[in-house]
Every structure is written in C-alpha cells, then in structure tokens.
Amino acid sequence: MIPTIPQNRTIRAAYMAYVVLFFLYLALPLAVVAVFAFNDSQFPSLPWEGFTWAWFFGDERPMIGVFHERPILRAIGTSAFVGLCVSVLAVAVGTTNAFLFNRYEFRGRGLLYVLMLLPLVIPGIVLGISILVFSSTVANAAWDMANLDLQALRPGLVLVVLGQFSFITTIATLVIAARLQKFDRTLEEAALNLGAGRLTAVRTITIPFLMPAIVGAFVVAFLMSFENFNTTLMLVGSDAPLTIAMFDRLKEGSTPLLNAVSLLLMVGSSLLALVMILFQRR
Amino acid sequence: MQAAHRLGFVLLLTPLLLWLSLLILIPHVDMFLVSLRERVGVGEYATSLANYRSFIDEPLYLWTFARTAVMSVMATALTLLIGFPVAYYIAKMARGRVRSALFLLCLVPFWVSELVRTFGWMILLRETGLFSSLLQWAGLVDGPVEMLYNDVAIMVGLVYTSMLFMVVPLVTTLDSLDDSVIEAGYDLGGSGPSILREIVIPHAMPGIVSGSIVVFMLSLGNYLTPIMLGGKDSLWFTELIYSQFIVRFNWELGAAFGFMLLILSSVIVWGTLRLTGQTLEKTMG
Amino acid sequence: MTIPDLECTDLTKRFGDTSAVENVSFEVPPGSFFSILGPSGCGKTTIMRMIAGFLAPTSGDIRIKGRSVLDAPPNKRPVNMVFQHLALFPMMNIADNIGYGLRRQGVSKPEITRKVGEVLERIGLPDIGERKVDELSGGQKQRVAIARCMVLEPDVLLLDEPLGALDLKLREHMKIELKALQSAFDTTFVYITHDQSEALVMSDNIAVMNAGRFEQIGSARDLYYRPETPFVASFVGDSNRWRGRVVSVSGDNLRLRSESGLDLCGNSHGRPVSDGDEAEIFVRPEAIRLGRGEADIAHFDNRLSGRVTSLLFNGAASRILLRPDSGGEEIEVALPQSGEFAHLSRGDTVHVGWSSDQGNCFATETG
C-alpha cells in the first residue's frame with residue numbers, strides 16, 4: 001500500500017474516504033464550539049437565532065461578552081501567569097537535564113533517565129494528590145515544630161505551578177535533548193580551538209544551536225500548562241486558572257460565553273503554535 | 001579542567017535530583033505512608049491496611065476500579081485501530097504539502113484545552129444537541145434523543161482526546177520505514193495483508209507501544225471526559241479519588257485509591273513493555 | 001532462435017511533460033548479464049522500476065520469456081529485484097528474510113528450511129541464518145540480498161546499483177563475486193549502474209543510456225573501441241577530445257583542423273561526416289604512443305611534440321599531461337609499463353603520435 005504499488009481503485013477510494021471521515025471527526029467538535037460562539041441565544045444549541053458578536057463584546061445582561069466578564073478575564077490572567085512560571089522553570093531544568101544526559105557518563109545514569117521519564121506514565125491526578133499530600137505533610141510539620149505557617153504549601157498557585165512543572169519538565173527535557181543529540185560536538189571543539197573558554201563556547205555555539213528546541217519546548221510547556229486540568233484540579237486554591245473556572249461554569253450549565261472563550265483559546269493556541277513552527281523553519 | 005568538569009556535573013545534577021526527589025519520589029512515598037494510616041480518633045492515627053481493606057471490601061470501589069481499567073484498555077485499542085490507517089496514510093501515502101498539512105491538521109485539536117474538546121462533544125451529543133436536532137429534523141425520531149451520559153459517549157470522548165498521542169508516534173515510526181523495504185516485500189511475492197503483518201507492523205512496534213502506553217495512561221487518569229460525557233454516575237476511578245480528597249476530605253482512603261491507580265498503571269505499562277520486548281527508554285525517550 | 005528472457009519494445013515513460021524514458025528497445029538472452037550504464041538521472045532506474053512493476057510505462061511493452069507482464073502487479077511478476085540499499089527486512093533474521101518469498105508461495109516449512117540452507121551454502125555463508133540483518137558486513141548483506149531473490153528462481157534478476165554503498169576495495173571484490181554468482185545460478189541479470197568499470201567488467205552486453213534514450217548497445221569491447229556516438233566515446237573510458245572543422249575527407253579517413261589550431265587525422269568508421277562539418281575527435285590516452293625522438297613515432301599520421309606539464313602517477317594507470325608546442329589544450333597520454341619513461345620529469349620535451357584509426361571522429365549536430 002504505497003503509491004508505487006498498483007492498487008485496486010475501489011480500495012483506494014475507500015481508504016481516502018476513511019481518511020476524510022477521520023478528519024471530519026477531528027474537526028466536528030471544534031467547529032461546533034466555534035460556530036455557536038456567534039449564536040444569538042442563551043444556549044449553545046440549535047435553533048440558530050442569528051449571528052451576534054455579543055458573546056465577545058456584549059456588556060449588558062443577559063449577554064455579557066468575554067471582554068466584560070471579569071472572573072473569566074482574571075482566570076485567563078492566572079492561567080497565563082502559571083503558564084509562564086511553569087515554562088520558565090521547565091525549560092531551565094529541561095536544558096540542564098539535557099546537557100547532563102548528553103555530556104556525562106556516570107553511575108546510575110540509566111536509572112536516572114528512567115526516573116526522568118516516569119512522570120509520563122504517572123496519571124496526572126495521582127501526581128496532583130501526591131504533591132498535595134506531601135506539601136501538607138511538610139506544612140503541618142513546620143507548624144508543629146516552629147509554628148511556621150507556610151501558606152505557599154497549601155493548595156494555591158504555588159502548588160499548581162509545582163504540580164504542572166513536575167511532569168512538563170520531562171517533555172521539555174525530551175524536546176531539548178533530541179536536538180542536543182544532533183549537535184556536532186566538533187563545533188564546540190572548533191570554538192575552543194579558536195580561543196573560546198568552555199562556557200563561552202557553550203553560550204556562543206551550543207545554545208544558539210539549541211534555540212529552536214528551547215523555544216519549542218517553551219511554547220509546548222506553556223500550552224500544556226494552559227490546558228492542564230487533572231493535576232491542577234487537585235492543587236488549586238482560590239485563584240482558579242481558566243480550565244478550572246470554565247469547568248465550574250460548565251457544571252452549572254453552559255452559555256455561548258463558554259464557546260466564545262473556547263474560540264479565543266483555539267485562536268490563541270493556534271497562533272502560538274504557528275509562531276513556533278515559523279520560528280523553527282527559520 | 002578536572003575540577004571544572006566535576007563542578008559542571010554537580011551543577012547539572014542538582015536540579016534533576018531536586019526535581020525528581022521533591023516532586024516525584026518523596027511525594028509518592030509520602031502518599032503511600034498516608035494510605036497506611038488509619039484514623040482511630042480525632043487527630044490520632046495508627047498504621048494499618050484498613051484503607052486497602054475497605055477498598056477490597058466495598059464492591060462499588062472494586063467494580064469502578066475494574067471498569068476503569070477495562071474501558072481504558074478498550075479506548076486504547078480503539079484509538080490504535082482508528083489511528084493506524086490514518087497514520088499510515090500520512091506517513092506512506094501522502095506526499096509533500098498534503099502530507100505536512102494532514103499532519104498539522106492532526107495536531108490542531110490538541111492545541112486547545114481538553115475542556116473545549118469535551119464541551120464540543122457535549123454540544124453535539126446532548127438532548128438539545130446538534131445530532132438530536134438533526135435526527136428530529138430528518139424525521140428519524142419523534143422527540144429529543146439523549147446521547148450523552150452513557151459509556152459510548154465516554155468512549156468517543158476518550159478516543160478523541162487521546163488520538164494525537166497515538167498518531168504522532170505512529171507517523172514517526174512508519175515514516176522511518178523505507179519505501180523500498182515495502183517494495184521488496186511486493187517484489188518477493190508479498191500481498192498487502194502479509195506485508196502489513198510481517199513488515200509494517202513489526203517495524204511500527206515501538207510506535208504502537210509508546211502510543212498505546214500514553215493513550216492508556218491518559219484514559220486511566222482522565223477525569224474530565226468521564227464526568228462531562230458520562231455524567232454523575234459514570235463510575236470512573238479518578239472520580240472516587242477526587243471525592244475522597246476534596247468532597248469527603250478522607251485523604252487516607254484517597255491516597256490508597258491513588259496508590260492503587262498507580263499500581264494498576266505501572267503493572268499494565270510494565271506488562272506491555274515485557275510482552276512486546278520494548279523498554280521505556282526506547283519507546284518514550 | 002531462443003526466446004529472450006527479457007524483451008522491452010518501444011518502452012516510453014513520461015512524467016507530465018518530461019519524458020524519462022523514450023522509445024527504448026532491447027532484449028536480453030537467457031543466462032546473460034546485461035547492464036544499463038548511464039549518468040544519474042538518465043532514466044535507467046525508471047526502466048528498472050517499470051520492469052519490476054513499480055511504474056507503469058506510458059507506452060511500449062515488456063515481455064518476460066515471451067509473455068507480456070504489463071498487467072501483472074509487482075508481486076506476480078517472475079522478476080526479482082536487488083534494491084539500491086538492499087531493503088533487507090530489519091525486523092527479521094537472515095533465514096526469515098530469505099524465506100520470505102517462499103512463505104508467500106505457500107511452500108511447506110521443512111522445504112523452506114531446506115531451500116534457505118541450500119542457498120546460504122551457495123553464497124558461502126552457511127551459518128548466518130539466525131543472525132540479524134545489522135550484524136552482517138556490507139558484502140554479506142549484498143550476498144543475502146541476492147540469495148533472497150535467487151531462492152525464488154526468478155526468470156530475471158534486477159540489480160539497482162547494489163554496489164554503490166560499498167567502499168572501493170569491497171566494490172572491486174564484489175564485482176568479481178557477482179559475476180561468479182551469476183554464472184553459478186545461471187540466471188539472467190539486468191544490472192544498472194553509473195559506474196562504467198562495474199558494467200565493463202561484469203556484463204555480456206551493455207546499453208549506454210543518456211537523457212532517456214539508449215545511445216548504444218554492445219559488448220564492453222565494442223563500446224570501448226567502437227563507440228557509435230560522441231556521448232559513448234566520452235562517457236566510457238577516458239579520452240582526449242578536440243573540436244574543430246573537417247577540412248578533407250577520403251573514404252572513412254579525414255582531416256580536421258581543431259579550434260586550437262592543430263591538424264589532426266581521424267576516422268569516421270562509417271559514420272557520415274563530410275567536408276566542412278563541425279566535428280569532434282576522441283583519442284584514448286593509451287592509444288597515444290610516447291617517443292624520445294621524432295624517429296620513434298615517424299610511422300604515425302598524427303605527430304606532435306610537447307613539454308610535460310604534470311606527471312600523474314597511479315601505478316598501472318599512470319599518465320602524463322603534456323602541452324603541445326604547436327599550441328592547444330593539454331593532452332593526456334598513458335605511460336607505458338615498460339619502465340622506459342620512468343624517469344620522465346616535468347618540463348621534459350617528448351614526442352607523441354597515434355594512427356588516424358584511433359581518432360574516432362563524430363560530426364556534431366549543432367554544426
């Protein structure tokens with residue numbers, strides 16, 4: 001079944017049809033979400049009551065648009081803040097991890113590598129509760145022993161950042177390590193030969209080479225953090241990130257406001273992904 | 001030079017160790033310890049297996065546990081079956097621009113939150129949803145049809161949500177299969193099915209395994225899809241964990257549940273790797 | 001007359017507007033070694049893929065043992081192919097690789113084991129059945145790839161530049177071995193390559209291909225000594241080449257004044273060349289005789305003297321470059337093996353000559 005093998009017309013057509021159906025299946029839910037963001041009705045469902053921008057810009061009840069809905073705006077801000085923190089941390093640790101595994105041979109390297117991969121095969125919700133349990137153990141101990149009230153270790157943004165960081169770092173490490181693997185070490189040696197110090201060589205030669213992967217890892221980390229639900233659910237405090245805020249709304253019943261937020265999310269993350277692809281083509 | 005080398009090593013090793021120990025290893029050990037605690041009075045605890053005993057004694061818990069495992073396995077198999085032909089089409093049949101466009105299209109749904117995807121399915125499947133309206137409009141049914149809140153809906157959502165994690169590794173491994181190897185198979189008298197069985201699938205095995213592991217993990221640990229598409233009584237194990245922790249505030253039992261989920265996923269992942277002769281480093285790294 | 005094992009008539013393949021293969025016809029008698037030699041991109045791989053069934057010809061016919069195979073898919077054709085990068089199945093061991101085609105034919109298990117053992121014996125690697133593909137050396141893989149096809153006893157074996165990936169020493173060795181395997185299996189081989197020495201050493205017949213067409217089909221000797229087109233003359237072997245205008249013709253003998261001002265005698269070997277034509281003369285370096293004095297070369301009708309500008313030592317294939325005193329581009333001359341000129345050095349004056357027979361002359365079409 002490759003183009004150079006002559007193939008029965010019917011089979012070929014059926015295969016094509018299957019692929020088309022598959023992509024319809026992929027597109028359908030998103031298309032529906034996007035379309036109903038413009039429905040002039042209280043519910044994101046048929047019948048179609050006419051086109052409106054009110055769910056984006058409306059400022060009167062009952063149709064308050066995204067840009068006038070303070071809790072949603074704040075949740076977007078919270079998500080962005082968490083996403084930035086997680087991305088910076090994950091990329092930093094991911095880069096050091098990549099260098100460690102690429103440049104050093106040491107005892108326990110294989111074991112550490114497997115441990116590094118583990119967060120990928122731990123369910124997100126378990127990661128969440130284990131960090132929740134451990135942080136409150138520590139916080140309780142601090143209180144019992146020194147009367148210290150460590151608010152940071154109670155459910156809240158710090159724990160959310162740590163929880164997301166705990167598994168996104170693995171992804172960042174893999175992305176950066178894959179590119180470092182392709183790096184030709186003799187380039188660094190050439191830099192040393194031309195008078196650069198070891199750190200200078202890494203800074204001027206290796207890091208620029210890694211840049212596409214670092215940016216890629218940053219964007220992927222940001223997107224993953226932004227859309228994370230499971231881990232966040234267990235660690236969240238009073239400041240809810242967007243996915244949690246939307247979840248709470250959805251439980252109460254949906255309005256096209258949620259469609260509008262979703263559409264903005266789609267556009268936002270597509271743009272971000274596009275920027276990343278363009279950057280990596282460069 | 002030697003000292004600098006040493007220092008560099010220590011500096012690079014420290015963040016890794018801090019991350020793995022403080023956020024992965026110790027929390028899980030602590031969770032295990034908490035799961036062994038039994039509340040005997042206010043603020044008084046004893047070490048026992050009581051939480052695990054209540055897990056085994058309560059049929060609802062066990063049933064939910066087994067059901068979650070079986071449905072996750074089914075979701076994984078379905079995702080593989082649906083995704084494989086598409087991955088093969090992208091990797092081996094499509095060429096040039098079409099190929100990159102299709103690959104990108106596969107990724108698009110996953111740049112948006114799982115919540116949005118699930119929301120989309122809700123709009124489609126619920127009683128007042130698009131499908132129901134369409135069926136009524138076509139005159140195939142008389143009244144509204146509720147397609148949400150059943151196991152099929154959960155399955156549709158799970159497969160949809162994990163598709164990317166199956167298709168991407170499959171495309172990557174299939175892509176590395178040289179066309180001439182398939183041609184050689186035909187040249188030596190092979191037919192489509194025999195080439196698929198003897199050449200394509202063995203070659204794609206690492207991709208199949210890594211895709212399946214990730215999809216299984218995501219299904220097993222999924223909370224959103226079962227709740228939203230399966231409704232209140234969807235009986236998903238993560239729900240039990242959530243309610244023990246957040247609603248009933250019984251962390252000890254919740255931790256035991258979490259540990260059971262961890263064991264289940266580890267056993268299945270380890271078993272899959274053993275059965276197929278793959279390693280975690282090879283499939284994930 | 002026996003039916004040829006492979007026969008292509010007026011084979012043409014067009015991709016859109018460009019034609020990759022244009023009206024190619026040839027036949028390959030049973031048990032012979034046929035090569036298609038041409039630069040990369042000349043269309044030789046296209047021919048091979050049409051014979052194997054991976055491409056459908058735009059027009060023309062392909063017959064194997066007298067029967068057209070155009071309607072047969074690749075897995076039903078009685079030809080097998082050794083791929084450029086061999087395409088051994090990395091997911092199987094050697095025995096399973098070789099047994100693959102037999103399993104497709106539904107041969108019984110013990111029979112497969114016996115046949116695989118036999119063919120491994122024949123390629124001189126009896127104990128490697130259990131090994132993995134990547135445990136073999138380049139030469140061993142080569143032989144396994146051939147064995148995998150030969151075990152099916154195909155009418156024709158196609159080989160698509162299979163030696164390309166090997167290093168020089170091994171390639172030299174494999175040339176001889178391939179030829180030996182071909183006569184041992186007594187099967188028709190069709191071999192494509194861009195390396196003339198592979199084609200010249202192994203083949204019974206060679207087709208030289210350029211820009212989608214066959215320029216000439218003939219034995220290695222024919223191609224080397226009696227090229228029929230300027231392309232063959234320049235592509236097969238090395239040549240000194242002069243371009244100029246024909247000033248006189250008598251029978252096949254002719255005189256040409258080159259653009260650089262040399263007067264040369266040549267021979268058109270029956271090709272139409274007439275007075276005043278633009279033409280080219282090709283002379284092989286080893287056809288040119290070296291002499292210390294003018295007397296040594298007095299019996300040749302082409303005589304020149306010149307100064308040695310470079311010595312290109314390469315063992316048996318050593319050459320010198322010399323610049324003629326009468327002007328014009330440098331001439332490459334083979335150094336005789338007798339040792340007579342072993343002490344030649346740069347700047348020495350030497351005399352060279354060759355007979356007009358050795359000066360292959362072609363009228364250029366643009367003339």
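Do any residues in segment B:1-25 that are outside any helix (DSSP H, G or I) have Cβ atoms under 9 Å from those of residues that are not small (Gly, Ala, Ser), where the two are at least six apart or on different chains, and which pairs are they?
Pairs that qualify, where the first residue is outside any helix (DSSP H, G or I) and the partner is not small (Gly, Ala, Ser), are B:Met1/A:Arg198.
If you go through segment C:11-31 one residue at a time, how many are surrounded by fewer than 18 Cβ atoms within 10 Å (Cβ to Cβ), in contact (Cβ under 8 Å) with a residue 12 or more places away in the chain and out of contact with any Pro (no Cβ under 9 Å at 6 or more places or on another chain)? Give the derivation first.
To start, the set of residues in segment C:11-31 that are surrounded by fewer than 18 Cβ atoms within 10 Å (Cβ to Cβ) comprises C:12, C:14-19, C:22-23, C:25, C:27, C:29-31.
Okay, now just the ones that are also in contact (Cβ under 8 Å) with a residue 12 or more places away in the chain, so C:12, C:14, C:19, C:22-23, C:25, C:27, C:29-31.
Now narrow it down to the ones that are out of contact with any Pro (no Cβ under 9 Å at 6 or more places or on another chain): C:14, C:19, C:22-23, C:25, C:31.
Number of matching residues: 6.
Would you please name the residue that is farthest from C:Asp96 (Cα to Cα), looking only at residues in segment B:174-188 that are in contact (Cβ under 8 Å) with a residue 40 or more places away in the chain and part of a helix (DSSP H, G or I)?
Going through the qualifying residues, I end up with B:Asp175.
Residues that are out of contact with any Ser or Thr (no Cβ under 9 Å at 6 or more places or on another chain), in contact (Cβ under 8 Å) with a residue 12 or more places away in the chain and of a type in the set (Lys, Arg): which helices (runs of 4 or more DSSP H) entirely in segment A:100-188 hold 2 or more of them? So that I can check it myself, show each step before the final result.
Numbers: elements: A:109-117, A:124-146, A:157-181.
Answer list for segment A:100-188: none.
Just to verify a result, which residue in segment A:32-53, among those that are within 8 Å of chain B (Cβ to nearest Cβ) and at pLDDT 85 or above, is farthest from the chain's Cα centre (by Cα)? Can you show your working first?
Step one: of segment A:32-53, the residues within 8 Å of chain B (Cβ to nearest Cβ) are A:32-33, A:36, A:43-47.
From what's left, at pLDDT 85 or above: A:32-33.
Working: A:Val32: 23, A:Val33: 21 Å.
Ranking the candidates gives A:Val32 first.
Which of the residues belonging to segment B:231-252 are small (Gly, Ala, Ser) and either modelled with pLDDT under 85 or touching a His at 6+ places or on another chain (Cβ under 8 Å) (or both)? Reasoning before the result, please.
Kept after step one, since they are small (Gly, Ala, Ser), are these residues of segment B:231-252: B:231, B:234, B:243.
Of everything in segment B:231-252, those that are small (Gly, Ala, Ser) and either modelled with pLDDT under 85 or touching a His at 6+ places or on another chain (Cβ under 8 Å) (or both) turn out to be B:Gly231, B:Ser234.
Take the residues in segment A:98-122 that are of a type in the set (D, E, K, R) and within 11 Å of chain B (Cβ to nearest Cβ); name whichever of them is farthest from B:Ser265 (Cα to Cα).
Only one residue fits best here, namely A:Arg103.
In segment A:54-84, which residue that is modelled with pLDDT under 75 and part of a loop (DSSP other than H, G, I, E, B) is farthest from B:Gly83 (Cα to Cα)?
A:Arg61
Filter segment B:116-145 down to the residues that are free of Cβ contacts under 8 Å to residues at least 40 places away in the same chain, facing chain A (nearest Cβ under 7 Å) and not aliphatic (A, V, I, L, M) and list them by number.
Once the filter is applied, which keeps residues that are free of Cβ contacts under 8 Å to residues at least 40 places away in the same chain, facing chain A (nearest Cβ under 7 Å) and not aliphatic (A, V, I, L, M), segment B:116-145 yields B:Gly120, B:Thr128, B:Gly129, B:Ser133.
Given the conditions (1) crowded, with 16+ Cβ neighbours inside 10 Å; (2) more than 25 Å from B:Val214 (Cβ to Cβ), report the number of the one that B:Thr128 does not fulfil.
The number of the failed condition is (1).
Tally the residues that are touching a residue at least 12 places away in the same chain (Cβ under 8 Å) and touching a Lys or Arg at 6+ places or on another chain (Cβ under 8 Å), restricting the search to segment C:100-127.
Total meeting the criteria: 7.
Does at least one position in segment C:270-277 carry a residue that is at positive phi and at pLDDT 85 or above?
From segment C:270-277, those at positive phi are C:270, C:276; that's our starting set.
Among the residues that remain, those that are also at pLDDT 85 or above are: none.
No, that holds for no residue.
Spot the failing condition for C:Trp242; the list is (1) under 19 Å from the mean Cα position of the chain (by Cα); (2) outside any helix (DSSP H, G or I), and only one is missed.
Every condition holds for C:Trp242 apart from (1).
Those residues that are at the interface with chain A (Cβ under 9 Å from one of its Cβ atoms) and not hydrophobic (A, V, I, L, M, F, W, C), I need them from segment B:90-115; list them, please. Show your work before the answer.
Step one: of segment B:90-115, the residues at the interface with chain A (Cβ under 9 Å from one of its Cβ atoms) are B:90, B:92-95, B:102, B:104-115.
B:Lys92, B:Arg95, B:Pro109, B:Ser113, B:Glu114 - these are the residues of segment B:90-115 that are at the interface with chain A (Cβ under 9 Å from one of its Cβ atoms) and not hydrophobic (A, V, I, L, M, F, W, C).
I'd like the full set of residues that are in a loop (DSSP other than H, G, I, E, B) and closer than 20 Å to C:Pro90 by Cα, limited to segment C:124-145.
Here is the first cut: in segment C:124-145, the ones in a loop (DSSP other than H, G, I, E, B) are C:124-131, C:136-137.
Residues satisfying the conditions are C:Leu125, C:Pro126, C:Asp127, C:Ile128, C:Gly129, C:Glu130, C:Arg131, C:Leu136, C:Ser137.
Within segment A:123-145, work out how many residues are surrounded by fewer than 21 Cβ atoms within 10 Å (Cβ to Cβ) and either at the interface with chain B (Cβ under 7 Å from one of its Cβ atoms) or within 19 Å of B:Thr238 (Cα to Cα) (or both).
Final tally of qualifying residues: 1.
From the residues in segment B:51-85 that are without any contact (Cβ under 8 Å) to a residue 40 or more places away in the chain and within 14 Å of chain A (Cβ to nearest Cβ), which one is surrounded by the fewest Cβ atoms within 10 Å (Cβ to Cβ)?
Selected residue: B:Leu81.
Only one of these is of a type outside the set (A, V, I, L, M), under 25 Å from the mean Cα position of the chain (by Cα) and either outside any helix (DSSP H, G or I) or surrounded by fewer than 18 Cβ atoms within 10 Å (Cβ to Cβ) (or both): C:Arg271, C:Arg307, C:Arg303, C:Arg255. Name it.
One residue alone meets the criteria, C:Arg271.
When residues of segment C:310-354 are filtered for being in a loop (DSSP other than H, G, I, E, B), within 24 Å of C:Phe231 (Cβ to Cβ) and touching a residue at least 60 places away in the same chain (Cβ under 8 Å), how many remain?
Total meeting the criteria: 2.
Between B:Asp179, B:Asp175, which is acidic (Asp, Glu) and more than 10 Å from chain A (Cβ to nearest Cβ)?
B:Asp175
Enumerate the helices (runs of 4 or more DSSP H) found wholly within segment B:189-285, keeping only those where 1 or more residues are within 12 Å of chain A (Cβ to nearest Cβ), over 30 Å from C:Arg148 (Cβ atoms) and not small (Gly, Ala, Ser).
By residue number, B:201-220, B:224-230, B:237-242, B:251-276, B:280-284.
Hey, among C:Gly101, C:Gly38, C:Gly66, C:Gly16, which residue is under 19 Å from the mean Cα position of the chain (by Cα) and among the small types (Gly, Ala, Ser)?
C:Gly38
Can you pull out every residue in segment C:108-141 that is more than 25 Å from C:Ser183 (Cβ to Cβ), surrounded by fewer than 17 Cβ atoms within 10 Å (Cβ to Cβ) and of a type outside the set (D, E, K, R)?
Within segment C:108-141, C:Ser108, C:Pro110, C:Thr113 qualify.
Output the residue which, of all residues in segment C:74-107 that are exposed (fewer than 15 other Cβ atoms within 10 Å of the Cβ) and over 15 Å from C:Cys149 (Cβ atoms), is nearest to the other protein chains (Cβ to nearest Cβ).
Here is the first cut: in segment C:74-107, the residues exposed (fewer than 15 other Cβ atoms within 10 Å of the Cβ) are C:76, C:105-106.
The next check asks that each one be over 15 Å from C:Cys149 (Cβ atoms); those that pass are C:76, C:106.
Values: C:Lys76: 8, C:Gly106: 10 Å.
Here the answer is C:Lys76.
Which ones in segment B:253-268 are in contact (Cβ under 8 Å) with a residue 12 or more places away in the chain and closer than 27 Å to B:Val40 by Cα?
B:Leu253, B:Gly254, B:Ala255, B:Ala256, B:Phe257, B:Gly258, B:Phe259, B:Met260, B:Leu261, B:Leu262
The values are calculated or read from the model by the stated rules, or taken from the named source; none is laboratory data. Predicted, not measured: the structure shown is a model, and the values here were computed from it. Neighbour counts are summed over all protein chains in view; Cβ atoms, including those assigned to glycine, are modelled from backbone coordinates with ideal geometry.
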